[in-house]
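The values are calculated or read from the model by the stated rules, or taken from the named source; none is laboratory data. Quick caveat: nothing in here was measured; it's all calculated off a predicted structure. Note that each Cβ is placed from the backbone with ideal geometry, even for glycine, and that neighbours are counted across all protein chains shown. Surface areas here come from the heavy atoms of the whole protein model, side chains and all, with no ligands, DNA or RNA. Shrake-Rupley method; radii C 1.70, N 1.55, O 1.52, S 1.80 Å.
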Amino acid sequence: FFLFVTCTMARGRNNNRTSHGDGGGAIHSANMAINKENDFKEGVKKLQNRATMTAELLTEGGEIETFLMEADPDNAEGFLLAQRNRLKAIAEGNAKQWDEIENFVQAVKDVRGDVQCQNQSSAAAGGEGEGEAAAAGADEAPDYERSIQEAVEKVRLGKESDPNHVPLEEHEMVMSLREKLGEKVKKRARNDDDDDLEIVNNVGSDDVHALKCPITGMFFEDPVRNKVCGHTYDRKGLNQLFSTRKTKCPIPGCSNNTLSLGQVEVDDEMKLKVRRHKTREEAAKKKRDLDETMDDDEEGGGYTVLE
């Protein structure tokens, strides 16, 4: 990300004397880089989603833990502990990379602002020697790489000195994954001395209603999550809603009145929840059928009398 931005700004710097004007090329390149923030974050989101889905499978008291404890009680506990710690390390790495991207983007914005101020000062100065000064300035090209590095450090130190700064181990990504693992997560309320707030994730008890599309009322088949309001719909149901020319989120109380396909993304986590629920239902049905068969055999005495 850093290399991409400094390269684009350097190319913009070389174009300063073209259509963008003094410093305009670098500003234009910085704007392009800033607009790519979400693209750089997308990879982090995908990795975090995979880690979250894996954490649900390895949750305390879950099916995998139960199976392993029965099949290999001597090694299961150590294996599960190692895998859970690995997932938490991945989440911390994702959180760190996420923060670094945000710090870097803010630094680029700050440097862009400095360049804009310099341009305004130069324009206000005017004078007959403006052209010669601009040419001299172009020969002494700004060191954007150094400027951005210094700005990143300034942003980082500013965040760390903020009383509301959240340490890496309490980042939302880390806390969310720990909840998926079934851990008791404690969070301290900000700006007060209240006692720790204990949050316990009730893993493994998916609400059946939450696994159904709010539009069709059927189990999700192709769930998509709204990036604006956070609600999930089935793509088929969403298309039905759009066919009636409605653009308001169907969840009662939601203030999103500009619902569109551009707001949604595939909800892999919901796909996993639905699949797990259906698997549990099928397993429960097989067990009931087996129990009924055994009951029938017991009622018949379990023997067949041949005459």
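Can you give me the number of residues within the stretch 240-268 that are among the acidic types (Asp, Glu) and surrounded by 16 or more Cβ atoms within 10 Å (Cβ to Cβ)?
Qualifying residue count, the stretch 240-268: 1.
In the stretch 221-239, how many are open to solvent by 30 Å² or more (accessible area, probe 1.4 Å), touching a residue at least 12 places away in the same chain (Cβ under 8 Å) and farther than 15 Å from LEU272 by Cβ?
6
If only one of ARG86, ARG112 is under 30 Å from ALA33 (Cβ atoms) and open to solvent by 40 Å² or more (accessible area, probe 1.4 Å), which one is it?
Details: ARG86 fails: under 30 Å from ALA33 (Cβ atoms).
Just one listed residue meets the conditions, ARG112.
Specify which of the listed residues (ASN85, ASN49, ASN94) is part of a helix (DSSP H, G or I) and closer than 30 Å to GLU150 by Cβ.
From the options ASN85, ASN49, ASN94, the qualifying one is ASN94.
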